[in-house]
Amino acid sequence: DGVAILPAPQNLSVHSTNMKHFLMWSPVIVPGETVYYSVEYQGEYERLYLSDVWIPSSWCSLTEKTECDLTEDITATVPYSLHVRATLGSQTSAWSTLTHPFNRNSTILTPPWMDVTKDGFHLVIELEDLGPQFEFLVAYWRRESATKEHIKMVRSGGIPVHLVTMEPGAAYCVKAQAVVKAIGRHSAFSQAECIEVQEEALPL
Amino acid sequence: GLRKCLISMDTHHLEESFQEIKRAIQAKDTFQNVTILSASETLQSIKPSDVCCVTKNLLAFYVDRVFKDHRELNPHILRKISSIANSFLYMQKTLQRCQEQRRCHCRQEATNATRSVHENYDQLEVHSAAVKSLGELNVFLAWIAKNHQEISA
Amino acid sequence: VPCVSGGLPKPTNITFLSINMKNVLQWNPPEGLQGVEVTYTVQYFIYGQKRWLNKSECRNINRTYCDLSVETSDYEHQYYAKVKAIWETNCSKWAETGRFYPFVETQIGPPEVALTTDEKSMSIFLTPPEKWKRNPEDSSVSMQQIYSNLKYNVSIRNTRSNRMWSQCVTNHTLVLTWLEPDTQYCVHVEAFVPGLPRPTRPSEKQCVRTLKDPSSEFKVK
């Protein structure tokens, strides 16, 4: 009945960076034909309580691509089982399941991009907009007293945020790390950036 | 006390997931004169020291009963319920650590509050009860957000 | 006089517009009745109670809104409302809202913002938004008393450098020092509750100019 003639996709793997999760697999090659793929997932809840339930992914039902963005589906910090199958006309392959369930707490967190500027004596930082789950821990200090580090939590990226009112003539340095409370982890710090402040204007 | 068993969680995401299914789920609930959580006015009168226990009990109510009793065919709604269910599972694990350190003690008031929720649930046919409880998730989420917020800086 | 139900099309887009717990039911007239003198009657329901209740001030009204703030003032409860259109002996079926939960769904209005400046600094004074109250003489309740983790996002634009930056604060006074003298700064503020996704309403933009620096012309090296 044409069910398992088509080979199942192989080499499943998940690539996850900054809480964006992609399932990838090797293509099923049928010369001269377009093969489509469908992905389903099962969270730990379904595995424990509704083991027969697999949920169709948001974006990957009968897709030609050999990767699937599961970011909107993997939304809890629990293990998710993932499987994919191929379809060609009436032929459908068996499901191919990821060897180990994926947990988003294994995502790679990269140091955030940041733009450190000043408006007069005001130190301003704009951080990379990585999405609503990200906050940023920003450390800043006067270059000449590097030991005295100040910390500020910045709730979101994509908007310029006031860090500190600087003292005339001083130089300030800043570094930042991305924080994801939902998985209890943070990235490494970014490279520090320093900025000089003008002296206060002298009377003419 | 209140701050000992804080579960740092993504209420924003949970609330968004619920908002996406609220209208569809609540529209299936035709018994407007009956409530499950809301009837227990006691939810509003839970003392800080009982917050951890009531949270743990209501998470179990949803995980062990509601999500299991509700069978959803619409894939979009299914995904959102799955998202909430798996988040509740994670919160249970977090609270489990509190339990082990005996900071989630259950007093009689907390147990009574939970019992009245189960009793309300049992008054209805199971699928109606599950749909109604899903429709009242916003009451539970608002109560969690109110009682589990960190002390603002 | 009982009317023939279903003789008219229902009102449409029936929703609650809720800001700081002022809860106003609003709707659009039924389609296809332009020029017809339609009136409306409203009822409301407290989720978990037994019966639909009349809103006497909104019986046979011409307008397409009805203030139900009094009836929905217990913001920990949830509510429904419905409206029907009436014209002569005909009336529509009821048009009903979804379940309305003021505690979660009310929009947080902007705080009151007062600004003072001198040559190089600006003080921003915030007064928390006030919860709707039944009578003007009733004592005021701040939205901060309902949402204890209410925060403010203060946005400041230096119109000379055209730079904009923001600050998230919880207290009600923010002093910005070391500003540029004789420069216009524009400010707007929005109040928000972390954790609950709800639309916010920024305050009107207000602009003030820092004073001239009497001792010198301020010159940036």
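The values are calculated or read from the model by the stated rules, or taken from the named source; none is laboratory data. Quick caveat, the model's predicted, so the values are computed rather than measured. Here Cβ is always computed from backbone atoms with ideal geometry, including for glycine, and neighbour counts include all displayed protein chains.
What to note about this one:
- Residue among A:108, A:74, A:29 that alone is among the aliphatic types (A, V, I, L, M), under 19 Å from the mean Cα position of the chain (by Cα) and farther than 25 Å from residue B:92 by Cβ: A:108
- Of the strands (runs of 3 or more DSSP E) entirely within the range A:95-204, those holding at least 3 residues that are aromatic (Phe, Trp, Tyr) occupy A:135-142.
- Taken over the range C:149-178, the criterion of being hydrophobic (A, V, I, L, M, F, W, C), within 9 Å of chain A (Cβ to nearest Cβ) and surrounded by fewer than 19 Cβ atoms within 10 Å (Cβ to Cβ) is satisfied by C:164, C:168, C:178.
- Taking strands (runs of 3 or more DSSP E) as the structural unit, those lying wholly within the range C:1-53 and holding at least 2 residues that are surrounded by fewer than 18 Cβ atoms within 10 Å (Cβ to Cβ) correspond to C:4-8, C:12-19, C:22-28.
- Residue within the range C:113-128 that is among the basic types (Lys, Arg) and outside any strand (DSSP E or B) present: yes
- Set A:137, A:123, A:130: member being without any contact (Cβ under 8 Å) to a residue 60 or more places away in the chain and of a type in the set (A, V, I, L, M, F, W, C): A:137
- Residue in the range B:58-80 that is away from every other protein chain (no Cβ under 14 Å) and either closer than 15 Å to residue B:14 by Cα or surrounded by 20 or more Cβ atoms within 10 Å (Cβ to Cβ) (or both) present: yes
- On inspection, residue C:195 qualifies as in contact with a helix residue (DSSP H, G or I) (Cβ under 8 Å, 6 or more places away or on another chain), within 14 Å of chain A (Cβ to nearest Cβ) and touching a residue at least 40 places away in the same chain (Cβ under 8 Å).
- Boolean, residue A:192 is surrounded by 15 or more Cβ atoms within 10 Å (Cβ to Cβ), out of contact with any helix residue (DSSP H, G or I) (no Cβ under 6 Å at 6 or more places or on another chain) and without any contact (Cβ under 8 Å) to a residue 40 or more places away in the chain: yes
- Matching residues in the range C:80-115 - criterion: being free of Cβ contacts under 8 Å to residues at least 60 places away in the same chain and touching a strand residue (DSSP E or B) at 6+ places or on another chain (Cβ under 7 Å): C:80, C:99, C:114
- Within this structure, residue A:102 fails the test of being more than 26 Å from residue B:76 (Cα to Cα) and either in contact with a Pro (Cβ under 9 Å, 6 or more places away or on another chain) or within 14 Å of chain B (Cβ to nearest Cβ) (or both).
- In the range C:62-94, the residue that is surrounded by the most Cβ atoms within 10 Å (Cβ to Cβ) out of those that are closer than 23 Å to residue C:19 by Cα and among the aliphatic types (A, V, I, L, M) is C:81.
- Contacts under 6 angstrom Cβ, first residue in the range A:72-101 being closer than 18 Å to residue B:84 by Cβ and free of Cβ contacts under 8 Å to residues at least 60 places away in the same chain, partner in a loop (DSSP other than H, G, I, E, B) and of a type in the set (Gly, Ala, Ser), 6 or more apart: A:72/A:58; A:73/A:57; A:73/A:58
- Residue identified as at pLDDT 95 or above and of a type in the set (Asp, Glu) among C:37, C:31, C:76, C:57: C:57
- Criterion: at pLDDT below 95 and among the aromatic types (Phe, Trp, Tyr) - qualifying residue of A:189, A:121: A:121
- The one condition from (1) out of contact with any helix residue (DSSP H, G or I) (no Cβ under 8 Å at 6 or more places or on another chain); (2) farther than 25 Å from residue B:29 by Cβ that residue C:109 does not meet is (1).
- Within the range C:159-184, the set of residues being closer than 15 Å to residue C:211 by Cβ and among the basic types (Lys, Arg) comprises just one member, C:160.
- Residue match in the range A:146-155 (condition: basic (Lys, Arg), over 29 Å from residue C:177 (Cα atoms) and within 12 Å of another protein chain (Cβ to nearest Cβ)): no
- Within the range A:43-59, the set of residues being more than 7 Å from chain B (Cβ to nearest Cβ), surrounded by 17 or more Cβ atoms within 10 Å (Cβ to Cβ) and either touching a Leu at 6+ places or on another chain (Cβ under 8 Å) or hydroxyl-bearing (Ser, Thr, Tyr) (or both) comprises just one member, A:57.
- Of the criteria (1) at pLDDT 90 or above; (2) in contact with a Phe, Trp or Tyr (Cβ under 7 Å, 6 or more places away or on another chain); (3) under 27 Å from residue B:111 (Cβ atoms); (4) not basic (Lys, Arg), which one residue B:57 fails: (2)
- Of the residues making up the range A:31-71, those that are in contact (Cβ under 8 Å) with a residue 12 or more places away in the chain, in contact with a helix residue (DSSP H, G or I) (Cβ under 8 Å, 6 or more places away or on another chain), in a loop (DSSP other than H, G, I, E, B) and among the hydrophobic types (A, V, I, L, M, F, W, C) number 1.
- Scanning the range B:9-21 for residues that are in contact with a Gly (Cβ under 9 Å, 6 or more places away or on another chain), within 7 Å of chain C (Cβ to nearest Cβ) and not polar (S, T, N, Q) returns B:12, B:15.
- The number of residues in the range C:38-66 being more than 25 Å from residue C:5 (Cα to Cα) and more than 14 Å from chain B (Cβ to nearest Cβ) comes to 0.
- Leading residue by the ranking (nearest to the other protein chains (Cβ to nearest Cβ)) among those in the range A:165-186 that are in contact with a His (Cβ under 8 Å, 6 or more places away or on another chain) and at pLDDT 95 or above: A:180
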